[in-house]
1. Within the range 248-272, which residues are out of contact with any helix residue (DSSP H, G or I) (no Cβ under 9 Å at 6 or more places or on another chain) and not hydroxyl-bearing (Ser, Thr, Tyr)?
2. Tell me the residue from 137, 146 that is buried (at least 16 other Cβ atoms within 10 Å of the Cβ), among the aromatic types (Phe, Trp, Tyr) and within 18 Å of residue 198 (Cα to Cα), please.
3. Return yes when residue 91 is at pLDDT 95 or above, out of contact with any His (no Cβ under 6 Å at 6 or more places or on another chain) and assigned to a helix (DSSP H, G or I) and no when it is not.
4. Kindly indicate whether any position in the range 249-262 is surrounded by fewer than 21 Cβ atoms within 10 Å (Cβ to Cβ), assigned to a helix (DSSP H, G or I) and not acidic (Asp, Glu).
5. Residue under question is residue 61, and the condition is that it be assigned to a loop (DSSP other than H, G, I, E, B), modelled with pLDDT of 95 or more and within 21 Å of residue 121 (Cβ to Cβ); does it hold?
6. Residue under question is residue 246, and the condition is that it be under 22 Å from the mean Cα position of the chain (by Cα), within 21 Å of residue 196 (Cβ to Cβ) and outside any loop (DSSP other than H, G, I, E, B); does it hold?
7. Residue 110 fails exactly one of the following numbered conditions: (1) part of a helix (DSSP H, G or I); (2) under 30 Å from residue 251 (Cα atoms); (3) in contact (Cβ under 8 Å) with a residue 40 or more places away in the chain. What is the number of that condition?
Amino acid sequence: MRNTFAFFFLAAALCLVQACGEKYVFSLDEHIGICGTGWAEAAQKCGLDYLEANVSSFLCPESDDSVFTANREALAGDLPIYSANGYFPGSIKVVGPQAETGRAIKYSGTAIRRAAEIGIKVLVLGSSGSRSIPEGFSREDAEKQFLALLKGIAPTAEKYGVVVAIEPLQHSETNFINTVSEGAAIARQAGSPNICVIADFFHMARVGEAPESIIENADKLVHCHIAEKEERTPPGVKGDDFTPYYKALKEIHYTGRISIECGWKDIESQLPVAVKTMKEQINSVK
C-alpha cells in the first residue's frame, strides 16, 4: 500500500513539474469556427476548425431519436461540431409565471446526451425568448428560477462531460443577464464546473462591457462569439478592431474556441475576408 501511494505521489509531482514548465502558446487562430451547420462546405474551404450547430433544430431534444439521427446523417463535410447555440425555443419559458423548469431540465438532459454522442463540448444558453423577465415579475424570483434550472442541468452536464454556457445578450434582446460579469456570477452560484459563460464580442460592445471583463471572469469563460458591432456583420466588413478582446484572451491563457456568429450577405466572398481579418488581428497580439 505504501509503495502504491508513493508511486501515485511521484506521478502527480512529475505531472505538476511538467505542467509548470510548459509555455503557453496563444493559438486562437487555430480554433475558429462558424455558427450554422449549413455553412460546412464554405467553412472547410476557408480552413475553419469546426461548426457550431443549433440545439433546438439540430439536436431536437423534444423529438424522437430518429429525428436527431437523420440530422446527423444529413450533415455534409468532415468538420466536427464543437458547440451548439439556440438552446431553448421561445415556447419553453424558464423564468416568470409560465416557467416550466421541469420540462426545461428534461429537454436539457436529452440535448446534453445527444451532444455527447457526437462530441459536442459546449452548449450555449442564450435563448432570449425563454429567459426574459415578464413585466411586473420579480427579478429576484427570476434569478431563483434560473439558478434552479442551472442546478437541475448540472448533474447531467457533469455526467456526460458537456459544458452549458450562459450567453449574455444585449438589452434589446433580453432584460436578464446582459454582461459577462452577470453571467459568470450566476454560473458560480450554480456550483458546477460544467455551468459556465461565454463572451460574445458583439453583445459586449453593444452593452458597453469592456474586454477587461474577460480577464475578471476567466474562471468561468469557456467559449466566444464574434461579429462587428454596428450591424452584426462578419469581421472585415466595417473594420472593427477586436485586438483588445484577443489581448484579454491571451492574458488569461484562453484555450477555447471562437465562433463567427453574424449575418451573411455573400458568405463565399465574406468568409475568407472574415477569417483573414481575424487571423491578422490575433497574430498581431501574439
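1. 263, 265, 266, 270
2. After ruling out the rest, the residue left standing is 146.
3. no
4. Within the range 249-262 (the criterion being surrounded by fewer than 21 Cβ atoms within 10 Å (Cβ to Cβ), assigned to a helix (DSSP H, G or I) and not acidic (Asp, Glu)), the answer is yes, since at least one residue qualifies.
5. Details: assigned to a loop (DSSP other than H, G, I, E, B): yes; modelled with pLDDT of 95 or more: yes; within 21 Å of residue 121 (Cβ to Cβ): yes.
Criteria met by residue 61.
6. yes
7. Result: residue 110 passes all but (2).
Yes/no matrix, rows are residues, columns are (1) touching a residue at least 40 places away in the same chain (Cβ under 8 Å); (2) out of contact with any Cys (no Cβ under 8 Å at 6 or more places or on another chain); (3) of a type in the set (D, E, K, R):
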{"site": "126", "(1), (2), (3)": "yes, yes, no"}
{"site": "131", "(1), (2), (3)": "yes, yes, yes"}
{"site": "150", "(1), (2), (3)": "yes, yes, no"}
{"site": "162", "(1), (2), (3)": "yes, yes, no"}
{"site": "169", "(1), (2), (3)": "yes, yes, no"}
{"site": "176", "(1), (2), (3)": "yes, yes, no"}
{"site": "190", "(1), (2), (3)": "yes, yes, no"}
{"site": "208", "(1), (2), (3)": "no, yes, no"}
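The values are calculated or read from the model by the stated rules, or taken from the named source; none is laboratory data. Just so we're clear, the structure is a prediction, and the values are computed from it rather than from any experiment. Cβ atoms come from the backbone with ideal geometry, glycine included; neighbour counts cover every protein chain shown.
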